[in-house]
1. List the relative contact order of the range 12-65 as a percent without decimals, with contacts defined as Cα pairs under 8 Å and 6+ residues apart.
2. Based on the mean of other beta carbon atoms within 10 Å per residue, what is the order of 125-135, 226-236, 169-179, most packed first?
3. Between residue 235 and residue 256, what FRET efficiency follows from the Cβ-Cβ distance if R0 is 35 Å, with the result rounded to 0.05?
4. With equal scatterers on the alpha carbons only and no solvent term, can you work out the Debye log10 of I(q)/I(0) for the range 1-153 at 0.09 1/Å?
5. For the range 172-275, what are the per-bin percents of Cα-Cα distances with bins 10 Å wide, up to the bin holding the maximum?
6. The list (1) 1.05; (2) 0.94; (3) 1.24 gives values of Rg/Rh (Cα atoms, Kirkwood Rh), and only one came from this structure; which label was calculated from it?
7. What value, in deg cm²/dmol to 500, does the helix sum -39500 (n - 2.57) over DSSP H runs of n ≥ 4 give at 222 nm once divided by the residues of the chain?
8. Find the relative contact order for the chain and round it to a whole percent, using C-alpha pairs within less than 8 Å whose residues are 6+ positions apart.
């Protein structure tokens, strides 16, 4: 894929259940684009082509938010350097006039025949609608393959309120004052701080700030050395295991145990962690 710069690594797809058209599942202002500062712009799909409403926002437009007619909305976040391209609805409307303002195809996701490009002309089966593509930043691997990173999720928050998640992933706080382990820092592919245990007790800090917020951090600790659970202190306070402090052990490819810790937390200040 790395040899073909126009190759897409993802699309923002709307799936329509039998008995529904795209209009039944998404609002006319179907897409919200947001940047890393939480500014937003709306894209209207009520005509044959998507049209931006209002002035464009500046900065990194790397968050796409699908305005579904539901409590929870789908979103995806790309790395800084990603770019949004809306998808024209005109081709499908020409082939099935009067059915929908959106493109609608029924070769995916439940087509039984190799029929790529089959336009839906009715509501008798599941259809899909492509509203656009977030072109991610591509990473060329040594073997010729390509990687692109995204966060996908569902939320009942407005798009602007995903600013903290966006910044915590694209501009993660630095790990500092590391003791008892070795750490190369933040791995964006895992959305985690990776470290290798070198002693029974580990301690480190995250330099949280408004620009580099701490949000639900994850720690992947290689060489854990057994099946014993982790004990955690945050800023000197013991954190009890539960919904806000989850952990588990996985077996790494070399047979050793790796501890994975997830913490429900938001901070715009430096935070200190102790693990043993």
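Only the coordinates and a few stated rules stand behind these numbers; no lab work does. Being a predicted model, the structure only gives us computed values, none of them experimental. Methodologically, a virtual Cβ is constructed for each residue, glycine included, from the backbone with ideal geometry; neighbour enumeration extends over all protein chains shown.
1. Over the range 12-65, the number comes to 31 percent.
2. Descending mean neighbour count gives 125-135, 169-179, 226-236.
3. The pair residue 235/residue 256 has a calculated efficiency of 0.70.
4. Result of the Debye calculation: -0.31.
5. Per 10 Å bin, starting at 0, the Cα pair percentages come out as 15, 52, 29, 3.
6. Calculated Rg/Rh (Cα atoms, Kirkwood Rh): the matching label is (1).
7. Computed mean residue ellipticity for the chain: -1500 deg cm²/dmol.
8. Once divided by the residue count of the chain, the mean separation gives 15 percent.
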